[in-house]
Amino acid sequence: MRVIEVNEFGGPKVLEPREAPDPVPGPDEVVVAMAAADTMFVETRIRSGMARQYFDTTPPYVPGGGGAGEVIAAGRNVDPAWIGRRAMVAVANGGYADRVVAPVDDVRPIPDGVGFHEAAALLHDGVTALRLFDRTEIAPGATVLIVGATGGMGVLLIQLAKAQGAHVIAAARGTQKLELAREQGADTVLDYSSPTWADEIHGTADVVLDGVGDKIGLAAFAATANGGTFSAHGSTLGGFTAADQQEAERRNITLRGIQDLQVSWDERLNLLERALQKAAEGILTPVIGQTYPLDQAAEAHKAIETRTVLAKTLLLP
């Protein structure tokens, strides 16, 4: 089978295709033939070596947390009915591959009506969006500012907030991304490439979901209403937003961070089941902006890092 391997930290070019033996399932495992593999921004940071203080991944390794496909083999302790099922598979690493082996407990059926690409797009973004939504307790009628609203997760947050009956302000960069936010139901769109992008909403957002960080995040913090909630969970510009804690206390603003999104493996799988069900119900509809063949994983990482992608990026083995 084909895999993408990282043999040293570095730029996208260190993502190298190679041949590997086909995986054989252990007694409690299954093998999934991958139709779509998830990609995430954080994987570009791990590959570059910039996230060594947060992740213990070291080369050589095969990146990727999994994706969607069909179960083609099962171990002796696994119900044979799994073979032929459309399924999601979650792994710590190893998702950038034609085939992925994993414990059957880490595999979830894909509901009818949900395609392979849509399911793969929910593997991490759907899980994180639901966790964030749960932690920020968005009430019907609340004003919600979503910064980085047209990333894979940002699109899902717009959908969840609108389904809750919130007024959504979406912040993104450029005409194409602002139009996508409108299409997803955002009531107001703002281009954060303007230095004064947040002036008109100063102190008006009950909940701010900051998926960008740095200076953009500081402007978003200023847009948080007294008594509101500010979540600084994104760092696509290089660092998480360093909100002023004294200012937050003075204005009774609840601060959330990336630590609030940490969940156990079992909780992650439960959230994945919820995300898949919401997709089946039509509440969540992932937007796949672009796909790349597996062998072009380096090109996918380059596009993600330069922020030229729209919504979700997938690899297709």
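Key figures
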{"quantity": "Filtered residues of the stretch 103-123 (kept if within 17 Å of residue 270 (Cα to Cα) and not in a helix (DSSP H, G or I))", "calculated": "103, 107, 108, 109, 110, 111, 123"}
{"quantity": "Residues satisfying the stated conditions in the stretch 36-80, i.e. among the aliphatic types (A, V, I, L, M) and over 18 Å from the mean Cα position of the chain (by Cα)", "calculated": "50, 62, 71, 72, 73, 74, 78"}
{"quantity": "Whichever residue in the stretch 51-110 is among the basic types (Lys, Arg) and out of contact with any Leu (no Cβ under 9 Å at 6 or more places or on another chain) and, among such residues, is modelled with the lowest pLDDT", "calculated": "52"}
{"quantity": "The listed residue being under 19 Å from residue 137 (Cβ atoms) and either surrounded by fewer than 17 Cβ atoms within 10 Å (Cβ to Cβ) or out of contact with any Lys or Arg (no Cβ under 8 Å at 6 or more places or on another chain) (or both), out of 311, 297, 279, 275", "calculated": "275"}
{"quantity": "Restricting the stretch 160-181 to residues that are of a type in the set (Gly, Ala, Ser) and under 21 Å from residue 237 (Cα atoms), the residue that is surrounded by the fewest Cβ atoms within 10 Å (Cβ to Cβ)", "calculated": "174"}
{"quantity": "Failed item, numbered, when residue 252 is tested on (1) within 14 Å of residue 41 (Cβ to Cβ); (2) not assigned by TED's automatic domain parsing to the domain that holds residue 16; (3) not hydrophobic (A, V, I, L, M, F, W, C)", "calculated": "(1)"}
{"quantity": "Pairs with Cβ under 6 Å, 6+ apart, first in the stretch 284-301 and charged (D, E, K, R), second assigned to a loop (DSSP other than H, G, I, E, B)", "calculated": "none"}
{"quantity": "Matching entry among 2, 47 (being of a type in the set (D, E, K, R), more than 30 Å from residue 234 (Cβ to Cβ) and in contact with a Leu (Cβ under 8 Å, 6 or more places away or on another chain))", "calculated": "2"}
{"quantity": "Count of residues meeting criterion [out of contact with any Lys or Arg (no Cβ under 7 Å at 6 or more places or on another chain) and surrounded by 13 or more Cβ atoms within 10 Å (Cβ to Cβ)] in the stretch 182-215", "calculated": "21"}
{"quantity": "Options 218, 157: the member that is among the hydrophobic types (A, V, I, L, M, F, W, C) and surrounded by fewer than 24 Cβ atoms within 10 Å (Cβ to Cβ)", "calculated": "218"}
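The values are calculated or read from the model by the stated rules, or taken from the named source; none is laboratory data. Because the structure is a prediction, the values reported are computed rather than measured. All Cβ positions, even for glycine, are placed from backbone atoms using ideal geometry, and neighbour counts span all protein chains on display.
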